[in-house]
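Scroll down for the structure; my scribbles are underneath it.
The values are calculated or read from the model by the stated rules, or taken from the named source; none is laboratory data. Worth saying up front: this structure is predicted, and the values here are computed from it rather than measured. Here the Cβ positions follow ideal geometry from the backbone for every residue, glycine too, while neighbour counts run over all protein chains shown.
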Amino acid sequence: MTGDGPRPDDGTTTAARDAAARADAVGGEPAARADAVGREPAAGADALARATRALQGEPEPGWPDLADRVTRRLRTVSRPGRPLTMATSDAGTLRVDQRVVVDLVRRAVTAVPACRPLDVAVAVEDQAVSSLRVQVAARYGAPVPAVAAAAREATAASLVELLGRRCPVDVDVVDVDLDLDLEA
């Protein structure tokens, strides 16, 4: 037989034989010579063991780039939000989707000099916003406490505008970025 299919003489594939040859070239060790009851390994077992070791040692080409691209794409995927109660009166109840709150906070934080929003988590209690946690990147060299305070104040002000009340806001600076402008 030709190609990558099994060969009748030893049951290995071309890729496995090639990997075994590479392992032999770098001093790969042969498989155990006998099994637990003293039988010799089947034909091709040494080649298969060498090929397995050789292939396990080779990194998957392009994996880090692929992982970065997938992570970036996942961060842009729209996730369904839940309705949050904004106000209740005799006329009815006003609700907005949680994504509205997240978008408003992202816009507010983006306007802060030397700051970029990374993640916004909305805590909900009784269908209303109870608190927020915002993770941001600060410009390298910018005073981190000042950036966090400005992001916290911008977030709080945007919530007062939307909700008509303040709620607790935690801002965590979890990254630094060389490419951020110092001024918005």
Entirely in the range 87-184, the strands (runs of 3 or more DSSP E) that have 1 or more residues that are among the polar types (S, T, N, Q): 92-97, 128-139
Residue satisfying all of: in the range 120-134; surrounded by fewer than 19 Cβ atoms within 10 Å (Cβ to Cβ) and touching a residue at least 40 places away in the same chain (Cβ under 8 Å); farthest from Val100 (Cα to Cα) among these: Asp126
Which condition does Ala137 not pass, out of (1) surrounded by 14 or more Cβ atoms within 10 Å (Cβ to Cβ); (2) without any contact (Cβ under 8 Å) to a residue 24 or more places away in the chain; (3) not charged (D, E, K, R), if it passes all the others? (2)
Does Leu178 satisfy being in contact with a Phe, Trp or Tyr (Cβ under 8 Å, 6 or more places away or on another chain), on the phi < 0 side of the Ramachandran plot and in contact (Cβ under 8 Å) with a residue 24 or more places away in the chain? yes
Leu84 is checked against (1) modelled with pLDDT of 75 or more; (2) surrounded by 10 or more Cβ atoms within 10 Å (Cβ to Cβ); (3) part of a helix (DSSP H, G or I) and fails just one. What number does that condition carry? (3)
